[in-house]
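Worksheet for the structure shown next.
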Amino acid sequence: MSLQVDPQLPKRVVQFGGEDTSMCMNCGNCTAVCPLSKDSTLFPRKVIRYLQLGLKEKLLASPEPWLCYYCGECSDTCPRDANPGETMMAARRYLISEYDWTGLSKRLYVSRNWEIGLLGGTALFVIALFALFHGPVVTDRVALNTFAPVKMVELGDWILGLLLSSFLLSNVFRMFRFLIPPEEARRIPLSVYLSELKTLVIHGLTQRRWRECEDKVQWLKHFLLVTGYGTMFLLIFVFLRWFQTDEIRPLWDPSRLLGYYATCVLLYVTGTAMLSRFRKEGRLHQHSHLTDWMFLVLLFSTALTGIFLHAARLAGFPLLTYYTYVIHLAIAVPMLIIEVPFGKWSHLAYRPLAVYLVTVRERGRRQEETETAAAPAAAG
C-alpha cells in the first residue's frame, strides 16, 4: 500500500505543543523503558518515527498516543533530551483535532484567542439568558427554584447533553474509522465487539492501564477526579430535581454527602495539579499547554462556585445565592460545551475507546487466523 508523505506534519504537531522530532535519533531507549509499551503497540519510538517521516495516515491509524499516560519515564531517560513524552501529548492533541469534523478542536489548540473567545462568549450567552428569562426574584427568603425553575434548567441540561453527545459521538466514530478501516471492521464478528465491551467500561471508569506505571499516585488522583466528576455529572444531569431543591436537607442526606464528596475531590485534585504545574514539579508538569490550564481552572472554579452557592443557600442570602448560581453556570456550561467535545476533556472518551479497539482488533485477527488455518483441514 502506497502512503502519501506530508513533510509539514512535524511542524504541525509542534503547533500543538510538541517537541522538535529531529532531536530524536530513534535509539529505542524510550520504548524499552516504557512499562506500557507492548509487542503489538510499541511507543513512543514508532509514533515519533511516523512524525519524522511525515506519515500522517499511519499516525491517524495509530492507537499508541492514547495508550501512553505520560508517566515521564521515557523523557527522563532520553539521551538526547528529545522529550518523547511531551511529543506523545502533542500527538494526542493533534489527533483530537483530526477526529473533530467541525475544526473547532484545532482552533482551540493552536489559538489562544479562539479558546478564550469561545469560552468567554459562551459564558456571556449564559448570563444573557438568565438576565432575560429568569423567574421572579424573591428577596425575603432563598427561592432558587423560583428564580431558576428546575424543570427549565433540567430541559436545558438535556438539550446540552444531546448536543454534546452528538458532537462527541460523531468524532468518536471518526476515530473508530481511522483505527479500524471499514473493510477490516466488517471482517471482525459482531460477537467480538460485544464481548469486549467490558474492556471499554472497565478502562473508561478506572484507567486501569495507568496502574502499570511506576507512579501510582497519579493514577489514584485521576481515578478520584473521574469519580468526583462522574458523581457531579449524575447529580446535575440525572438527579437534578432531587439535587436542586429549596429544602434544607439534613447533613446526612445522600444528595448533600455526594455533593460534598464530589466538591472536595474536584477541589483537591485540580488544586494540587495546578500548584504542581505552577511549580513545574516532576516531568509531567514541566510543560503546560493553555488547554491543560483551562481544563484545571474551569473544573476548579466550577467546584468552588458550587460550594459557595451551597453556603449562600444555607446562610439564607437570596441575592447572593442567585448571583452565585448564574456565575456557577457561566463557568460550568462553557466548560461542558467547549472543553468536553473539543478540548482536553474528550480524552475521557478517546483513551478507553483506543484500548477497546486494540483489544477488538487483536482478537479479531487471531480469530481470522484460526479460521484460515482450519479451512484446509476441513476441506481435506
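Annotations
- Lysine pair number, Cα distance threshold 24 Å (strictly under), the chain, separation 8 or more or different chains: 26
- Relative compactness, segment 279-369, computed as alpha-carbon Rg over 2.2 N^0.38 Å: 1.65
- Likely footprinting exposure, TRP242, TRP345, fewest C-beta neighbours within 10 Å first: TRP242, TRP345
- The Kirkwood hydrodynamic radius of the chain, based on inverse pair distances between different Cα atoms, is 22.8 Å.
- Placing a label point 7 Å from the Cα of ASN26 along the Cα-to-Cβ line, the residues of segment 35-56 whose backbone N sits under 17 Å from it are 42-56.
- Pair MET152, LEU320: separation of 7 Å Cα→Cβ label points (nm): 2.5 nm
- Axis angle, to the nearest 10 degrees, between helix 318-334 and the longest C-alpha principal axis of the chain: 20 degrees.
- Among HIS328, HIS285, the order by Cβ neighbours within 10 angstrom, fewest to most, reads HIS285, HIS328.
- For segment 143-205, radius of gyration divided by Kirkwood radius, i.e. Rg to Rh on alpha-carbons: 1.24
- Peptides 294-300, 44-50, 154-160, 54-60 ranked from most to least packed by the mean count of surrounding Cβ atoms within 10 Å: 44-50, 294-300, 54-60, 154-160.
- Quick note on segment 62-208: its Rg to Rh ratio, both from C-alpha atoms and Rh being the Kirkwood radius, is 1.10.
- Overall size of segment 1-49 from C-alpha positions, given as principal axis extents largest first: 30, 30, 19 Å.
- Using 0.36 nm per residue and subtracting the Cα-Cα separation, the extra length available between ILE116 and ALA128 on full extension is 2.5 nm.
- Ellipticity at 222 nm from helices only: DSSP H runs of n ≥ 4 in the chain, each -39500 (n - 2.57), divided by the residue count, give -22000 deg cm²/dmol.
- Given +1 at the Cβ of Lys and Arg, -1 at the Cβ of Asp and Glu and no other charges, the dipole of segment 231-340 around its Cα centre is 240 debye to the nearest 20.
- Percent RCO, i.e. relative contact order, over segment 9-99, from Cα pairs under 8 Å lying at least 6 residues apart: 40 percent
- Taking only the C-alpha atoms of segment 189-325, the Rg (one decimal) and the largest Cα-Cα distance, Dmax (whole number), read 18.3, 60 Å.
- For segment 9-99, the C-alpha radius of gyration sits at 0.94 times the compact-globule guess of 2.2 N^0.38 Å, with N the residue count.
- Averaging over all projection directions, the Cα-based convex hull of segment 108-184 occupies 8.0 nm² in the image plane.
All of the numbers you see were taken from the coordinates with simple rules; none came from a lab. Note that the coordinates shown come from a computational prediction; the quantities given were computed from them, not determined experimentally. In this analysis, Cβ positions are derived from the backbone assuming ideal geometry, glycine residues included, and neighbour counts consider all displayed protein chains.
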